[in-house]
Amino acid sequence: MLPDKDGSGGCGGGQATSGEDPSVNLFREYLRLRTVHPEPDYDAALRFLDRIAEELGLPMKKIEVCPGRVVSIMTWQGTNPALKSILLNSHTDVVPVYQEHWKYDAFAAVKDAEGNIYARGTQDMKCVTIQYIQAIRRLKAEGRKCMRTIHLMFVPDEEVGGHKGMETFVKLPEFQKLNIGFALDEGLANPGEAFTVFYGERNPWWITVHCPGSPGHGSRFVENTAAEKLRSIINSFLDFREKEKHRLNTSECFTLGDVTTVNMTMVKGGVAYNVIPAEMDVSFDLRIPPTVNLQEFEEQIKKWCKEAGEGITYEFAQKHMNQNLTSTDDSDPWWKAFSTTLGSLKIMFQVFLKGIQVYENLVPALANVPTLPCDT
């Protein structure tokens, strides 16, 4: 859910519903596209983006990085295209929906009397996509020019790890040719007066632990069962989860990004009520801060597996190891442009339309950072 109130917005974006801001209308249109896993309608998203590129007068390049997985890039060329470019990145896919838990149809983009919009993807991250688009639309309508080229990139499959999206694309020459100097991506909405800035990212580890054991009939006390090992593994991971949650809740300076989140997401095993299974599996979603020693953390996992019993193995569906942080030093020209611009904005609530104003100020500030040593 995302509120759209407090202001009216800019130009363009198709035909608006009577009395509705065109930007809100465009946002709701995009939300209605069912780009939801496990079978996202990416063709609908591509048609939508084709139309937007034509409206903006921007060329759009499409790179099929894997069968059925297309990265789309709109490019607004700068006055000095040799300089490092600015990337505005967003993903088009959204996570699955449990419709029974929703107040409205998750793809109807219902707007209530208070201006709240209900739809899957309102915050993650279709709002940002439309905010990028509408900010660029306004800047072009004002006749603004930027020194640095600006790329708007729309990637698939982020919600399932990006293996057939960004992870593949960054290895291609087409990505290198973008010559990116600074990138903006998704974050979290903040209803208060402060701007929350994310300058690093926790590494997602999706791990499945395989617990083999002695099979047998359900009427017997069989020793060394898979379930006993599974219980030990679950206890180890969830005990650690409680410790991390306690650290977060008892620290005045910690935020979610400072702790490791652990969530058990899948359990598999068994064929019948009266048959003790020969193997049971459990899967976890871990998000590990860049301050954690990843090698030591994996050694801890190995220790939990060893303590649970013989023969236990694990495998990763996803294992990110990048612990780089964006500089927030006042001497960094990118950070200076970013922080100075945000600091000058007097926006009380970061609702949807106000977000467009943020990007309308932030994007040209970044795209006009003077020539840097990395540009030569």
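The values are calculated or read from the model by the stated rules, or taken from the named source; none is laboratory data. Being a predicted model, the structure only gives us computed values, none of them experimental. Positions of Cβ are generated from backbone atoms using ideal geometry, with glycine treated the same way; all protein chains shown enter the neighbour counts. Please note that ligands, DNA and RNA were not included when accessible areas were found on the heavy atoms of the full protein model with its side chains. Shrake-Rupley method; radii C 1.70, N 1.55, O 1.52, S 1.80 Å.
Here are a few things to note about the model shown:
- The single condition among (1) part of a strand (DSSP E or B); (2) under 26 Å from GLY200 (Cβ atoms); (3) aliphatic (A, V, I, L, M) that MET321 does not satisfy is (1).
- Of all the residues in segment 172-195, those that are open to solvent by 50 Å² or more (accessible area, probe 1.4 Å) and under 23 Å from VAL262 (Cβ atoms) number 2.
- Positions within segment 205-236 being surrounded by fewer than 16 Cβ atoms within 10 Å (Cβ to Cβ) and under 31 Å from the mean Cα position of the chain (by Cα), in sequence order: ASN235
- Residues that are open to solvent by less than 20 Å² (accessible area, probe 1.4 Å) and at pLDDT 95 or above occur at least once in segment 304-321.
- Every listed requirement among (1) surrounded by fewer than 17 Cβ atoms within 10 Å (Cβ to Cβ); (2) closer than 16 Å to PRO22 by Cβ; (3) of a type in the set (Lys, Arg) is met by LYS103 save one, (2).
- Filtering VAL95, VAL70, VAL65, VAL110 for residues that are in contact with a Ser or Thr (Cβ under 7 Å, 6 or more places away or on another chain), open to solvent by 10 Å² or more (accessible area, probe 1.4 Å) and of a type in the set (A, V, I, L, M) leaves a single hit, VAL65.
- One residue alone among VAL110, VAL71 is under 19 Å from ILE180 (Cβ atoms), at pLDDT 95 or above and touching a strand residue (DSSP E or B) at 6+ places or on another chain (Cβ under 6 Å), and that residue is VAL71.
- Segment 271-322, residues that are in contact with a helix residue (DSSP H, G or I) (Cβ under 7 Å, 6 or more places away or on another chain) and more than 22 Å from CYS211 (Cα to Cα): ILE288, PRO289, MET321
- Scope segment 126-171; condition of a type in the set (Lys, Arg), surrounded by 23 or more Cβ atoms within 10 Å (Cβ to Cβ) and farther than 30 Å from LYS319 by Cβ; matching residues: ARG137, ARG148
- Positions within segment 342-376 being of a type outside the set (A, V, I, L, M), open to solvent by 20 Å² or more (accessible area, probe 1.4 Å) and assigned to a helix (DSSP H, G or I), in sequence order: GLY343, SER344, LYS354, GLN357, TYR359, GLU360, ASN361, PRO373, CYS374, ASP375
- Subset of segment 218-276 [over 25 Å from HIS320 (Cβ atoms), of a type in the set (A, V, I, L, M, F, W, C) and in a helix (DSSP H, G or I)]: ALA226, ALA227, LEU230
- Take the conditions (1) touching a residue at least 60 places away in the same chain (Cβ under 8 Å); (2) not in a helix (DSSP H, G or I); THR291 misses just one of them, which is (1).
- Selection status of LEU184, under 20 Å from the mean Cα position of the chain (by Cα), under 22 Å from VAL358 (Cα atoms) and modelled with pLDDT of 95 or more: yes
- Residue check for ASP239: out of contact with any His (no Cβ under 7 Å at 6 or more places or on another chain) and surrounded by 14 or more Cβ atoms within 10 Å (Cβ to Cβ): no
- Within segment 329-341, the set of residues being in a loop (DSSP other than H, G, I, E, B) and open to solvent by 60 Å² or more (accessible area, probe 1.4 Å) comprises ASP329, ASP330, SER331.
- Of the criteria (1) within 19 Å of ASP157 (Cβ to Cβ); (2) surrounded by 16 or more Cβ atoms within 10 Å (Cβ to Cβ), which one ALA53 fails: (1)
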